[in-house]
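Let me begin by presenting the structure, written as structure tokens, before commenting on it.
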Amino acid sequence: SVDGIQTNVASGTISTKDSTETVTFTNTQLGSLTVEKTVSGTGTDTSKAFPFTVTLTDSNNLLVTGVFNVEGTATDVNGAKLTTLTFDNSGTASFSLTHNQYIKIKDLPVGTKYTVTETDSDSYTVAYPNNNQSGKIGADAPDVTFTVTNTAPGNLTVKKVVSGEGADTNKDFSFTVKLTDDKGS
């Protein structure tokens, strides 16, 4: 930017032969935020669109507003493909993603902080990277990829069959069920 205006050209007039004019060029490192969507589990609906919001603040914790160019397969809440994303006065923008879709928000200044929220998971379990919805565009890694995974809830049915000659079909049997996640916890 030149004198606070985004440009790479400065022009002006030197008022007298002995005067000195100063133009200050400021270069800002830019990055991007890519939000990806994955849906997993038995019986999932991979065509379902999940609504998202992203909220941005700058390195001074001020809300980021304005229009940013995007690429990817995200749609607006009405299903139209997005080429830009508008962050309103609350620093928030909305979009929708289905399974394997993504949105890449481009030209975000390094130091920008983001919070990604899936606003309606429709009974799916939502997992954010490192169990955290927030992060920062860093100088050492200016292009951030943020994957949100939805897992469909599963069902477990326990059924007891009593068979054999003389079996007591009215007898009660006790069961213990222990559930663990995919990490054994």
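Condition check: open to solvent by 10 Å² or more (accessible area, probe 1.4 Å) and at pLDDT 95 or above. Does residue 70 satisfy that?
yes
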From the list 78, 61, 100, exactly one residue is farther than 30 Å from residue 10 by Cβ, in a loop (DSSP other than H, G, I, E, B) and modelled with pLDDT of 95 or more. Which is it?
100
Could you please tell me which pairs satisfy a Cβ distance under 6 Å, a separation of 6+ or placement on different chains, a first residue in segment 35-48 that is at positive phi and in a loop (DSSP other than H, G, I, E, B), and a second residue that is surrounded by 13 or more Cβ atoms within 10 Å (Cβ to Cβ) and of a type in the set (A, V, I, L, M, F, W, C)?
41/152; 43/152
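Does residue 111 qualify as being within 25 Å of residue 26 (Cα to Cα), surrounded by 17 or more Cβ atoms within 10 Å (Cβ to Cβ) and either in contact (Cβ under 8 Å) with a residue 12 or more places away in the chain or acidic (Asp, Glu) (or both)? Explain how you work it out, then say what you get.
Numbers: within 25 Å of residue 26 (Cα to Cα): yes; surrounded by 17 or more Cβ atoms within 10 Å (Cβ to Cβ): yes; either in contact (Cβ under 8 Å) with a residue 12 or more places away in the chain or acidic (Asp, Glu) (or both): yes.
Yes.
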Condition first: under 20 Å from residue 31 (Cα atoms) and open to solvent by 50 Å² or more (accessible area, probe 1.4 Å). Can you find one or more residues in segment 43-59 that meet it?
yes
Taking segment 122-139 and keeping residues under 10 Å from the mean Cα position of the chain (by Cα) and either loosely packed, with under 11 Cβ neighbours inside 10 Å or in a loop (DSSP other than H, G, I, E, B) (or both) leaves 128, 133
Just checking, which of 2, 23, 9 is at negative phi, at pLDDT below 90, in contact with a Gly (Cβ under 8 Å, 6 or more places away or on another chain) and among the hydrophobic types (A, V, I, L, M, F, W, C)?
23
Within segment 140-154, restricting to residues that are hydrophobic (A, V, I, L, M, F, W, C) and open to solvent by less than 40 Å² (accessible area, probe 1.4 Å), the one that is farthest from residue 60 (Cα to Cα) is 152
Count, please, the residues in segment 74-103 that happen to be among the hydroxyl-bearing types (Ser, Thr, Tyr) and surrounded by 14 or more Cβ atoms within 10 Å (Cβ to Cβ).
6
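The values are calculated or read from the model by the stated rules, or taken from the named source; none is laboratory data. Predicted model only: the values in this text are computed from it and were never measured. Cβ sites come from the backbone with ideal geometry, for glycine too, and all protein chains shown count toward neighbours. In case anyone asks, the SASA skips ligands and DNA or RNA and just uses the protein heavy atoms, side chains included. Shrake-Rupley method; radii C 1.70, N 1.55, O 1.52, S 1.80 Å.
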